[in-house]
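Enquirer: A single structure is presented below for examination.
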Amino acid sequence: MKFDPDAFAAGAEQSFAQMYPVLAALGQHRPRMLADYERVLADARRFRREHLEPSALRVELEVRRNPEYVAEDIICAASTAGFFGTMIPKTFGGAGLSFGAMIVGLEELGAGCLGLSNLLGVHGLAIATVSATGDIEGMEKVCRLLTEGERRGRPNLLSTAITEPTAGTDVEDVDLLRKARLVCEATPVRGGYKLNGRKVFISNGSIAHTHVVIMPTDKKNPVETTFAFLVESTAPGFRVGRVERKLGQKACPAAELVFEDCFVPETARLNSKALPGRAIELVLGATRGGVGAWGAAAARGAYERALLHARTHKVSGRWLIDEQWVQIKLANMWKNVALARALYVEAMLSNELFGLSQLVSGGAMGALQQRLPRAVLESQALRKLVVSRRTREALQGQIAAMEEWEVDTASAWGSASKVAGTDLGMENCHLALEICGTAGLRHDRGIEKIYRDAKLLQIYEGTNQLNRLEVFHRGVLRATARRSGGAA
Amino acid sequence: MNQQQRSEVTIVRQTAARFARDVLVPARHALLHHPDEALPAGLLDGLLGLGLHELGLEEEGERALLGAGLEELSRVAAAPASLVLAHVIARECLRQTGALERAPAAEGAGALLALPLYAEPGLGDEGPSLRQDGAAIVLDGIAELVVGAPLAGAAVLVARDAGDRERPALVLAPLDAPGVSVGPALLTLGMRGAPTADVRFSKARLPATARLAGATESGVVARDAARRARGPALAIAAGVVEASLRTATEYARERYQGGKQIVDHQEVRALLAGMVEDLALCAEAAELLCGDALAESRALALFARAKRRAAHATCDGVQLLGGNGYMEDYDQERCLRDAKQAQALLGRTDLAAQAATEAWLAEGAGS
């Protein structure tokens, strides 16, 4: 069958319902949720066309020459578009949309440029981490850094500092954490803590205003003594170390953060209790679904570029798009996009039912967000009501009351989505390079960049090897065992 | 391979390994950041001093020597090896068309020949067009991604005869001729440090002798030169995989996870085992393909499969190092990029696999 470029151009962009049939169906029951998702998709699509794609290669070349280069123009444009406040509750000045809505936007942005999408989206990890502590004051603080900055035209960015030089995978898993070779420690001192050690590969670490730092007070007993601290980049004893030279995703700086007797007051510690293993599981269960969405984005970015190349280039006098071997590859790539997306949508919905998202955008808080007018939500009276000891205790109570099978289910889906999405993303990159031949090897054509960018997705938020084991422990063993035993 | 050939291979390996250690390792940063950074003075002269570029593809013994040298270089950087390979294939085209004496007579890098090393041999649909004009030929259009073009005195490439678009024409184009311009050095996925550029022809008028062969022979010559180059090309991939495996193994022994050495985790061992398999495939295939023993269908299939596996192995190499693998410091990211680019040497693997099927059918399989 001959390829008809005109027919293709007419229907080049898939509609929301074509991309997300499950959500479209669900929208019949929850029309408001569907409207939110569609709006985020449309906004992200416009931003991708107007800002990301025209800048992606330029930004990468700038960073290649100077690793400390930051695409300020993109950050400001995203700020104007309101991206940083997407998932922040209206009470804290955000749009009050769900984590799921943000993920839909991240796929669209990621298909344009994974590095820039990470630059604009990695604060989600910080918000998730603070949310999982149940510390409502801390939540307000980090959320307002973004939203109030956004209103001024430039948000104060956040980073999350977890990885250490000798402990990457170990700090992503509670069981491994017990035996981790940690170098960081927060020593209690009068009026606060002194933080010492180094964190590495911290996304946006060199440009963030505030860092959510995960550190134990006793590194020999990290499971019971790990806390989250809010550390400002101006804190004495804190400095940014080197900014890494990376294979890809260059637009999002990865930096070393150095703590040398860095004093933080007692109030910088989130929550009075050490981070329970559950908090880490809740965070990763949510954010790994987001990485799965970036996997779908990589798959899609590669597919879209390969399709364009096949439409416009020939081999042996024939258009590539008319070659059956190319058609089969493109069909596989389309299938891979659909599979990656289907899985992260499942992970996202699973998280809204069982995971962190139900705490942040579900329940009473979610209902308030949906029903009350913005003026009421932003009023001081409501703020006082929300940011209170009672809310903190309620949130922490909710976290404690979550059934283990719920947390395991959300975690298993998050990890499965991460592994499948990122592997499918890489597969599509391989296929795209094969279709594109020499053009695929040149930076100026933008195809090889996706290959380099996508590789990171298989590594961060726990390597895919670790995540497979997570699927086994939380999906194969625990969640199914408890459910079949009639736990819920 | 007899005893003498084996000892010659050993000498070439040792010489190339010494050059890699003494010259390429210190130049690593410049090689990684080319074309933003200039290559260190003396690197190219040193490379030419090895004499690998003077080896031919005609004899099996010379191909083995070339493969051994390129493999050693590629353990540190595949880019210089790709420069040599491009030159050697271009020279083989000249030899087969009786045009060796027309190679540039310049000294140093100017004596090099450039070649679109990643294009399908003998195709060149998107290359320049050629038309006859009396005693001259006129070239128009762009030859993309010509390896060595910013340095070389001339390029061997395939143009399309304007009179018959299906017919390739092998051309030796001096890169300083009027109407010929070499673009800026391009940033590529891998093999950074091998200056590569587009060559633009704007009504470039060359003597008719620049056309190396007639329509029928051009494709045959280009494909035959590429056929002879498969072993050395695969040796580049093997060198890269070996470097990746070595780094991954050292890392797995040095680092701990969950209280035990990474190398003691079964999943890590599985990754290493896969890399060992892939290295064995690449290295053995490179050696086999330097010889003439294999039927064409098997040679093409092996070439395509081994190139794919090399790219796969280096992805695992990065994965095994986690975040460290993604950073420049550990050389794994260089291996990943070089191996993926090596997969495109002499054209797409899918088209090589299709050619293998054609050869299989032509060899009378099943009849």
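The values are calculated or read from the model by the stated rules, or taken from the named source; none is laboratory data. No experiment lies behind these values; they were computed from the predicted model shown. Cβ: placed from backbone, ideal geometry, glycine included. Neighbour counts: every protein chain shown.
Enquirer: Let me confirm something: among B:Ala99, B:Ala103, B:Ala119, B:Ala135, which residue is under 17 Å from B:Asp176 (Cβ atoms) and not assigned by TED's automatic domain parsing to the domain that holds B:Gln341?
Expert: Residue meeting the stated conditions: B:Ala103.
Enquirer: Right, another one. Report, ordered by the first and then the second residue, all pairs with beta carbons closer than 9 Å, sequence separation of six or more or different chains, a first member in the range B:144-161 that is without any contact (Cβ under 8 Å) to a residue 60 or more places away in the chain and within 11 Å of B:Val180 (Cβ to Cβ), and a second member that is of a type in the set (Phe, Trp, Tyr) and buried (at least 24 other Cβ atoms within 10 Å of the Cβ).
Expert: none
Enquirer: Being farther than 23 Å from A:Pro67 by Cα and among the hydrophobic types (A, V, I, L, M, F, W, C), is that true of even one residue in the range A:232-248?
Expert: Yes: the range A:232-248 contains one or more residues that are farther than 23 Å from A:Pro67 by Cα and among the hydrophobic types (A, V, I, L, M, F, W, C).
Enquirer: What's the number of the only condition in (1) part of a helix (DSSP H, G or I); (2) within 17 Å of B:Leu117 (Cα to Cα) that B:Arg21 fails to meet?
Expert: (2)
Enquirer: Continuing with this model, one more query. Hey, can you tell me all the residues within the range A:290-332 that are touching a residue at least 12 places away in the same chain (Cβ under 8 Å) and assigned to a strand (DSSP E or B)?
Expert: A:Val315, A:Trp319 - these are the residues of the range A:290-332 that are touching a residue at least 12 places away in the same chain (Cβ under 8 Å) and assigned to a strand (DSSP E or B).
Enquirer: Given (1) modelled with pLDDT under 95; (2) closer than 22 Å to A:Phe259 by Cα; (3) within 14 Å of another protein chain (Cβ to nearest Cβ), where does A:Val174 come up short, assuming only one miss?
Expert: (2)
Enquirer: Next question, about the same structure. Only one of these is surrounded by fewer than 20 Cβ atoms within 10 Å (Cβ to Cβ), of a type in the set (Val, Ile, Thr) and under 20 Å from A:Leu176 (Cβ atoms): A:Val258, A:Val291, A:Val213, A:Val223. Name it.
Expert: Of the residues listed, the single one that is surrounded by fewer than 20 Cβ atoms within 10 Å (Cβ to Cβ), of a type in the set (Val, Ile, Thr) and under 20 Å from A:Leu176 (Cβ atoms) is A:Val223.
Enquirer: Shifting gears a bit: Consider B:Ala293 against the criteria (1) surrounded by 16 or more Cβ atoms within 10 Å (Cβ to Cβ); (2) at pLDDT below 95; (3) among the small types (Gly, Ala, Ser); (4) more than 19 Å from B:Arg348 (Cβ to Cβ): it satisfies all of them except one. Which criterion is unmet?
Expert: That leaves (1) as the condition not met.
Enquirer: Would you mind stating whether B:Ala311 is of a type in the set (Gly, Ala, Ser), within 14 Å of chain A (Cβ to nearest Cβ) and either closer than 21 Å to B:Arg337 by Cα or surrounded by fewer than 23 Cβ atoms within 10 Å (Cβ to Cβ) (or both)?
Expert: So B:Ala311 passes the test.
Enquirer: Residue by residue through the range A:427-446, note down the ones that are in contact with a helix residue (DSSP H, G or I) (Cβ under 7 Å, 6 or more places away or on another chain) and either more than 9 Å from chain B (Cβ to nearest Cβ) or buried (at least 24 other Cβ atoms within 10 Å of the Cβ) (or both).
Expert: Within the range A:427-446, A:Glu427, A:Asn428, A:Cys429, A:Leu431, A:Ala432, A:Leu433, A:Ile435, A:Cys436, A:Gly440, A:Leu441, A:Arg445, A:Gly446 qualify.
Enquirer: Scan the range B:166-193 for residues that are assigned to a loop (DSSP other than H, G, I, E, B), in contact with a strand residue (DSSP E or B) (Cβ under 6 Å, 6 or more places away or on another chain) and within 14 Å of chain A (Cβ to nearest Cβ) and report the count.
Expert: Number satisfying all stated conditions: 4.
Enquirer: Just to confirm my filter: which strands (runs of 3 or more DSSP E) fall fully inside the range A:146-218 and include at least 3 residues that are in contact with a helix residue (DSSP H, G or I) (Cβ under 7 Å, 6 or more places away or on another chain)?
Expert: Output list reads A:158-161, A:192-203, A:210-216.
Enquirer: Scan the range A:334-341 and give yes if some residue there is within 30 Å of A:Arg468 (Cα to Cα), free of Cβ contacts under 8 Å to residues at least 12 places away in the same chain, over 16 Å from the mean Cα position of the chain (by Cα) and assigned by TED's automatic domain parsing to the domain that holds A:Lys455, otherwise no.
Expert: So far as the range A:334-341 goes, yes, one or more of its residues are within 30 Å of A:Arg468 (Cα to Cα), free of Cβ contacts under 8 Å to residues at least 12 places away in the same chain, over 16 Å from the mean Cα position of the chain (by Cα) and assigned by TED's automatic domain parsing to the domain that holds A:Lys455.
Enquirer: Please work out which residue is farthest from the chain's Cα centre (by Cα), limiting yourself to the range B:207-227 and to residues that are under 27 Å from B:His312 (Cβ atoms) and either at pLDDT below 95 or surrounded by 24 or more Cβ atoms within 10 Å (Cβ to Cβ) (or both).
Expert: B:Arg223
Enquirer: Working only within the range B:248-263, note down all residues that are at pLDDT 95 or above, out of contact with any strand residue (DSSP E or B) (no Cβ under 9 Å at 6 or more places or on another chain) and within 14 Å of chain A (Cβ to nearest Cβ).
Expert: B:Ala248, B:Tyr251, B:Val263
Enquirer: Of B:Glu72, B:Glu107, which residue is away from chain A (no Cβ under 14 Å) and either of a type in the set (A, V, I, L, M, F, W, C) or closer than 18 Å to B:Val12 by Cα (or both)?
Expert: The conditions single out B:Glu72.
Enquirer: When you go through B:Ala106, B:Ala114, B:Ala135 one by one, which is the residue that is over 25 Å from B:Ala233 (Cα atoms) and touching a Gly at 6+ places or on another chain (Cβ under 6 Å)? Don't jump to the end; show me each part of the working.
Expert: Details: B:Ala114 fails: over 25 Å from B:Ala233 (Cα atoms); B:Ala135 fails: touching a Gly at 6+ places or on another chain (Cβ under 6 Å).
Exactly one of B:Ala106, B:Ala114, B:Ala135 is over 25 Å from B:Ala233 (Cα atoms) and touching a Gly at 6+ places or on another chain (Cβ under 6 Å), namely B:Ala106.
Enquirer: Within the group A:Leu307, A:Leu320, A:Leu330, A:Leu284, which residue is crowded, with 17+ Cβ neighbours inside 10 Å, under 29 Å from A:Lys219 (Cβ atoms) and outside the structural domain of A:Glu172 (by TED's automatic domain parsing)? Spell out the reasoning first.
Expert: On the way: A:Leu307 fails: under 29 Å from A:Lys219 (Cβ atoms); A:Leu320 fails: under 29 Å from A:Lys219 (Cβ atoms); A:Leu330 fails: under 29 Å from A:Lys219 (Cβ atoms).
One residue alone meets the criteria, A:Leu284.
Enquirer: Of all the residues that make up the range B:112-135, how many are touching a residue at least 60 places away in the same chain (Cβ under 8 Å), surrounded by fewer than 24 Cβ atoms within 10 Å (Cβ to Cβ) and not in a loop (DSSP other than H, G, I, E, B)?
Expert: 2
Enquirer: Tell me whether the range B:267-275 contains one or more residues that are surrounded by 22 or more Cβ atoms within 10 Å (Cβ to Cβ) and basic (Lys, Arg).
Expert: No, because not a single residue in the range B:267-275 is surrounded by 22 or more Cβ atoms within 10 Å (Cβ to Cβ) and basic (Lys, Arg).
Enquirer: Follow-up. The conditions are (1) modelled with pLDDT of 95 or more; (2) under 14 Å from the mean Cα position of the chain (by Cα); (3) more than 26 Å from B:Ala293 (Cβ to Cβ), and B:Ala119 fails exactly one of them. Which is it?
Expert: Every condition holds for B:Ala119 apart from (1).
Enquirer: Across the range B:288-308, which residue is nearest to the other protein chains (Cβ to nearest Cβ) among those that are under 17 Å from the mean Cα position of the chain (by Cα) and not aliphatic (A, V, I, L, M)?
Expert: Here the answer is B:Arg308.
Enquirer: Same structure, new question: Could you look through the range B:54-68, keep only residues that are buried (at least 21 other Cβ atoms within 10 Å of the Cβ), in contact (Cβ under 8 Å) with a residue 40 or more places away in the chain and closer than 24 Å to B:Pro104 by Cβ, and pick out the one that is nearest to the chain's Cα centre (by Cα)? Steps first, please.
Expert: Within the range B:54-68, the first condition is being buried (at least 21 other Cβ atoms within 10 Å of the Cβ), and the residues that meet it are B:55, B:57, B:63-68.
After this cut, where a residue has to be in contact (Cβ under 8 Å) with a residue 40 or more places away in the chain as well, the list is B:57, B:63-68.
Narrowing the set further to residues that are closer than 24 Å to B:Pro104 by Cβ leaves B:57, B:63, B:65-66.
Details: B:Leu57: 13, B:Arg63: 13, B:Leu65: 15, B:Leu66: 12 Å.
Among them, the one singled out is B:Leu66.
Enquirer: Give the range A:224-256 a look and list any residue that's in contact with a helix residue (DSSP H, G or I) (Cβ under 7 Å, 6 or more places away or on another chain) and within 13 Å of chain B (Cβ to nearest Cβ), or say none.
Expert: Filtering the range A:224-256 down to residues in contact with a helix residue (DSSP H, G or I) (Cβ under 7 Å, 6 or more places away or on another chain) leaves A:228-231, A:245-252.
Within the range A:224-256, A:Arg245, A:Lys246, A:Leu247, A:Gly248, A:Gln249, A:Lys250, A:Cys252 meet the criteria.
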